[in-house]
Amino acid sequence: MLSLRTPSAGPWILRRLLEIFVRFLCLLPVRSALWIGNRSGDIFLAVCPSKGRLVKDNLSRCTLPLPSGKCAGAFSRSVFRHFGRVGIEFARLAVLSDDQVRELFEDGWTGFEHVAAQLESGKGAIIFSGHIGNWELVMRRIRIDSPVPVNTLVRQIKASTIHQFVLDQRLRFGGGPSILATNGAKQILRALGRGEIVNIAIDQCAGKDDGVFVPFFDRLALTHTSLARLSYTLGIPVVPVLSFRREDGIHHSARFFSPIEPFPDLPKEESVLRQTALCTSFLESAIRNHPEQWIWMHRRWKTRGLEIPVWEKPPATMSGDRV
């Protein structure tokens, strides 16, 4: 007997509610919208206490002193409030003109010439960042200065409705299209072949088939190698871009650093390991300078290695750079 199933209305309703909420946010003054971001962070922390415990557990297991005058609980609230604001800013991209985006980075946009130089080669540019500051605003700001789109490598969000909203929002109002990591190799190569920018974040826990263990806050962390493999295979250096929210809570700063080269004279796997370690060290430096703006609620060290890989500590001048 043929069974006919009516599609669930849940995703459709969620999408409509999300659209209504976004429209509401776009009508608000920026400070009011960011206030809602703070409250959203508070609510998320309250309804998901396990995430708050994960922040405290991550802090207890790594070498990061808490900011002066803050206990672990207050630090957790600051982390969740920051990401509440990031979500609100992402939702409001539609109402930001290019001039307004420039103003958000006023006196805080340096080093883009490193990306421009890579684009002039005609091979495209590979940049890397992490989930610190507001990376979505940075990608939108890059698109203003860049003659080509910014393709961002992403992983599937479990809630399909939210995932599709993020992809649509980024494509229409952000830096450009998204490339799903599960089958993105060809799309990445095509984008670089067109002379475009590819952005890859490497600060989340990798799978065992796409990761190496490198030090991160003096603990071994399984780290994505796609960035370093692309760099080695194509002979293209990677440009670090790190950002943070400034003290007024509204404006941002971003800095592009000198490219990190692959090690062409080494075997591929050793080059991948060393370059991944260098890039991870760069991110750690930025997080140490702005610890409340990183995703401490992520299980970054959930996979443990049985062997410590051979790893060469990066030069002091590199690890000591400030964003």
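Please go through region 105-153 and give me each residue that is on the phi > 0 side of the Ramachandran plot and surrounded by fewer than 23 Cβ atoms within 10 Å (Cβ to Cβ), ordered by number. Please lay out each step first, then the result.
Of region 105-153, the ones on the phi > 0 side of the Ramachandran plot are 107, 111, 122, 124, 133.
Those that are on the phi > 0 side of the Ramachandran plot and surrounded by fewer than 23 Cβ atoms within 10 Å (Cβ to Cβ): Asp107, Gly111, Gly122, Gly124.
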Report task. Quickly run through region 190-210 and pick out the residues that are assigned to a helix (DSSP H, G or I) and without any contact (Cβ under 8 Å) to a residue 40 or more places away in the chain. Result -> Arg190, Asp209, Asp210
**Report entry** Test for Gly108: is it within 20 Å of the chain's Cα centre (by Cα), touching a residue at least 40 places away in the same chain (Cβ under 8 Å) and within 13 Å of Leu137 (Cβ to Cβ)
**Finding:** yes
Query raised in the report: If only one of Ile179, Ile157 is part of a loop (DSSP other than H, G, I, E, B) and more than 19 Å from Cys26 (Cβ to Cβ), which one is it?
Result: Ile157
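Based on this model, can you work out whether Ser32 counts as at pLDDT 90 or above, closer than 29 Å to Leu104 by Cβ and loosely packed, with under 14 Cβ neighbours inside 10 Å? Show your work before the answer.
Numbers: at pLDDT 90 or above: yes; closer than 29 Å to Leu104 by Cβ: yes; loosely packed, with under 14 Cβ neighbours inside 10 Å: yes.
So Ser32 fits the description; yes.
Check every one of the strands (runs of 3 or more DSSP E) wholly within region 211-256 and list those with 3 or more residues that are within 17 Å of Trp135 (Cβ to Cβ).
Details: elements: 211-216, 219-224, 238-245, 252-256.
Counting at least 3 such residues, we get 238-245, 252-256.
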Report task. Quickly run through region 26-53 and pick out the residues that are in contact (Cβ under 8 Å) with a residue 60 or more places away in the chain and either in contact with a Ser or Thr (Cβ under 9 Å, 6 or more places away or on another chain) or part of a loop (DSSP other than H, G, I, E, B) (or both). Result -> Lys51, Gly52
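Determine which member of the set Ser76, Ser68 is farther than 29 Å from Gly195 by Cα and assigned to a loop (DSSP other than H, G, I, E, B). Working first, answer last.
Details: Ser76 fails: assigned to a loop (DSSP other than H, G, I, E, B).
Checking each option against the conditions leaves just Ser68.
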**Report entry** region 163-201, residues that are farther than 21 Å from Ile144 by Cβ and of a type in the set (Phe, Trp, Tyr)
**Finding:** Phe165
Query - Cβ-Cβ under 8 Å pairs, at least 6 apart or on other chains, region 255-283 side within 15 Å of Ile127 (Cα to Cα), far side of a type in the set (S, T, N, Q) and part of a loop (DSSP other than H, G, I, E, B) - result: Thr276/Thr225
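Which is touching a residue at least 12 places away in the same chain (Cβ under 8 Å) and more than 14 Å from the chain's Cα centre (by Cα), of Val166, Val115, Val138, Val150? So that I can check it myself, show each step before the final result.
Working: Val166 fails: more than 14 Å from the chain's Cα centre (by Cα); Val138 fails: more than 14 Å from the chain's Cα centre (by Cα); Val150 fails: more than 14 Å from the chain's Cα centre (by Cα).
Of Val166, Val115, Val138, Val150, the one residue that is touching a residue at least 12 places away in the same chain (Cβ under 8 Å) and more than 14 Å from the chain's Cα centre (by Cα) is Val115.
The values are calculated or read from the model by the stated rules, or taken from the named source; none is laboratory data. Note that this is a predicted model, so its numbers are computed, not measured. FYI the Cβ positions are ideal-geometry reconstructions off the backbone, even for glycines, and counts take in every protein chain you see.
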